[in-house]
Each structure stands twice: as structure tokens, then as C-alpha cells.
Amino acid sequence: MKFAHLVEINDPLNPLIEPLSRAQLWRGLVLRAETPQAFIPWLDSCVIVDRTETTLVRISHYGDVAVHDKVVFHPQERVVYQVPQQQDIPASSLTMTIEEPQPGAFFVRFEYDDGAAETEDSAQAMYNDFRRSAYEEADIDTIRTIRQMAEEGRLD
């Protein structure tokens, strides 16, 4: 299943929403990779086993399930999560891209690819609809957490 959606960050028509700078938004997306427990409450632990200037290799523990992944940073632009095929987990990816269609009007595009074929029966279609909805809610929560961190001064 391939799935993408946008989350608006700055709404110039809504004065109640404090705008985020690109630097704050970027720092929030980096923190989501470095300290995912702050964004994913059901994650038990995450250990960074290798780090370079532009990558992280991590092992995330969800109960008895350990997920190995690699995070690639394209500074101030996008974060790519790559999960290789492992045990019962198929290869998949998540890309978070900062878009700025006009100055200061930021969006984050979330793109999911689970590597599965695009054909689906009615049961698979229902399951994929559920996953899309869950992904959207999780991504909205990610932005909500980034906003909260910005308000607390943790992204400056």
C-alpha cells in the first residue's frame, strides 16, 4: 500500500496558531527520530546503534517485537525511515517532507510505502482504510507534539 497526505503547519488565516519556523519544524522531525518515545506512547524503547551526520540506525522495541530501521536525514528538507524486511515484518518506508508553497506556509507530506502490491480485495481494502486513518491520526499527533515542544522552547 502506498499512501500520502499533507498536514498543514502554519495557517496564516488562523491567528490562534503560533507559526513554526522551518528550523523548529526540522528540529521536531529530527527529535521524532532520535527520541521516538516522546511521539509514540506505545513504544517501549528505542536504541540508536549507529549514528552519522545524516543517518541513524535504530532498534525499536514494542513488547517482544524488535524493529530494526535506518533513518536518513536530508537537512531542513526530509526524513526517510527505511525498515528492511525482517522476520514477520515486510520492508517498508515512511518519508516526511517539509513543503513550503509560499514563504512561511509550511506543510509536512507523509508518504508511506509498505512494498505490497496495489491490488486489494474488499477485506484488504477495509484493512488499508483503517491503516490510512491510523497513520493520519499518528501524523497529526506528531505535529501536535512538535508544536508543544516549540511552545516549551525545546526546539530553539
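The values are calculated or read from the model by the stated rules, or taken from the named source; none is laboratory data. Since this is a predicted model, take the numbers as computed values, not measurements. Here the Cβ positions follow ideal geometry from the backbone for every residue, glycine too, while neighbour counts run over all protein chains shown. Protein only, heavy atoms only, side chains kept; ligands, DNA and RNA dropped before computing areas. Shrake-Rupley method; radii C 1.70, N 1.55, O 1.52, S 1.80 Å.
Tell me whether segment 11-24 contains one or more residues that are out of contact with any Gly (no Cβ under 9 Å at 6 or more places or on another chain), modelled with pLDDT of 95 or more, open to solvent by less than 50 Å² (accessible area, probe 1.4 Å) and not aromatic (Phe, Trp, Tyr).
yes
Which condition from (1) open to solvent by 30 Å² or more (accessible area, probe 1.4 Å); (2) in contact (Cβ under 8 Å) with a residue 12 or more places away in the chain; (3) touching a strand residue (DSSP E or B) at 6+ places or on another chain (Cβ under 8 Å); (4) more than 21 Å from Glu137 (Cβ to Cβ) is the one that Val80 breaks?
Going through (1) open to solvent by 30 Å² or more (accessible area, probe 1.4 Å); (2) in contact (Cβ under 8 Å) with a residue 12 or more places away in the chain; (3) touching a strand residue (DSSP E or B) at 6+ places or on another chain (Cβ under 8 Å); (4) more than 21 Å from Glu137 (Cβ to Cβ) one by one, Val80 breaks only (1).
Would segment 54-77 turn up any residue that is closer than 27 Å to Pro15 by Cα and part of a loop (DSSP other than H, G, I, E, B)? Even if it seems obvious, please write down each step before you answer.
Going residue by residue through segment 54-77, those that are closer than 27 Å to Pro15 by Cα are 76-77.
Subset that is part of a loop (DSSP other than H, G, I, E, B): 76-77.
Yes, segment 54-77 has at least one match.
Which one is nearest to Pro19 (Cα to Cα), of the residues in segment 94-128 that are open to solvent by 40 Å² or more (accessible area, probe 1.4 Å) and hydroxyl-bearing (Ser, Thr, Tyr)?
Filtering segment 94-128 down to residues open to solvent by 40 Å² or more (accessible area, probe 1.4 Å) leaves 99-103, 107, 109, 111, 113, 115-124, 126-127.
Checking which are hydroxyl-bearing (Ser, Thr, Tyr) leaves us with 119, 122, 127.
Working: Thr119: 40, Ser122: 41, Tyr127: 35 Å.
Once the filter is applied, the top-ranked residue is Tyr127.
Using the structure shown, decide if His5 is under 27 Å from Arg131 (Cα atoms), assigned to a strand (DSSP E or B) and open to solvent by 30 Å² or more (accessible area, probe 1.4 Å). Write out each step before concluding.
Values: under 27 Å from Arg131 (Cα atoms): yes; assigned to a strand (DSSP E or B): yes; open to solvent by 30 Å² or more (accessible area, probe 1.4 Å): no.
Spelling it out, it is not the case that His5 is under 27 Å from Arg131 (Cα atoms), assigned to a strand (DSSP E or B) and open to solvent by 30 Å² or more (accessible area, probe 1.4 Å).
Which condition breaks for His68 when tested against (1) out of contact with any Lys or Arg (no Cβ under 8 Å at 6 or more places or on another chain); (2) farther than 25 Å from Leu155 by Cβ; (3) modelled with pLDDT of 95 or more; (4) not hydrophobic (A, V, I, L, M, F, W, C)?
Only one criterion in (1) out of contact with any Lys or Arg (no Cβ under 8 Å at 6 or more places or on another chain); (2) farther than 25 Å from Leu155 by Cβ; (3) modelled with pLDDT of 95 or more; (4) not hydrophobic (A, V, I, L, M, F, W, C) is unmet by His68, namely (1).
Could you tell me which numbered condition Gln37 fails, if it satisfies all but one of (1) exposed (fewer than 13 other Cβ atoms within 10 Å of the Cβ); (2) within 17 Å of Arg147 (Cα to Cα); (3) touching a residue at least 12 places away in the same chain (Cβ under 8 Å); (4) under 15 Å from the mean Cα position of the chain (by Cα)?
Going through the list (1) exposed (fewer than 13 other Cβ atoms within 10 Å of the Cβ); (2) within 17 Å of Arg147 (Cα to Cα); (3) touching a residue at least 12 places away in the same chain (Cβ under 8 Å); (4) under 15 Å from the mean Cα position of the chain (by Cα), Gln37 breaks only (3).
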